[in-house]
Amino acid sequence: MLADLVPAAVQGLVRDVLLAGPAQEGAVAALCEDAGVVVAGDLRAAAGQARSDTILVLPGNLRLAPGWETALREHLAAAPANDAVLFGRVDGLAARLRARPFGVLIGRERLLAASGDARLQALRRALGPRAKRLRP
């Protein structure tokens, strides 16, 4: 997943990467430290530490399709304050039969104000049909 973020970091779309979850140990902790990833306790804590007003929330198992950063850049240029859902790459027939993996682009204040449940599925439901779907 970190490798998928490199092109966007080079272009300035990704300013920082925060891992929302329990403190990491061993190889994962070393990788986070080497890559400059900040570990936060949960999604709200990560949002509070983010340096940007717009946050891209991605699950750790999401694989981004080539060109995702172009779709994100175009969306931000056209409507920077609008929420969006970013769909991941789907490889193979079995993966296509399951729910398609996704991430959510959301304003920090909106994420921090999310009532009760700030998990990714709940955020997507909260965005509802008005969120633009970004597909590279």
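Right, Ala46: in a helix (DSSP H, G or I) and buried (at least 17 other Cβ atoms within 10 Å of the Cβ) or not? Here the answer is yes, as Ala46 does meet what is asked.
Among the residues of the stretch 1-20, those identified as assigned to a helix (DSSP H, G or I) and of a type in the set (Val, Ile, Thr) are Val6, Val10.
Only one of the numbered conditions (1) of a type in the set (Gly, Ala, Ser); (2) part of a helix (DSSP H, G or I); (3) more than 16 Å from Leu111 (Cβ to Cβ) is violated by Ala23, and that is (2).
For the stretch 2-28, the set of residues classified as at positive phi and either among the aliphatic types (A, V, I, L, M) or modelled with pLDDT of 80 or more (or both) consists of Gly12, Gly26, listed by residue number. Screening the stretch 65-107 for residues that are buried (at least 20 other Cβ atoms within 10 Å of the Cβ) and assigned to a loop (DSSP other than H, G, I, E, B) and picking the one that is modelled with the highest pLDDT gives Asp83.
The residues in the stretch 3-25 that are under 17 Å from Leu86 (Cα atoms) and within 11 Å of the chain's Cα centre (by Cα) can be counted, and the count is 3.
The values are calculated or read from the model by the stated rules, or taken from the named source; none is laboratory data. Everything numeric here is computed off the predicted structure, so don't read it as measured data. Note that we place each Cβ from the backbone using ideal geometry, even for glycine, and neighbour counts take in every protein chain shown.
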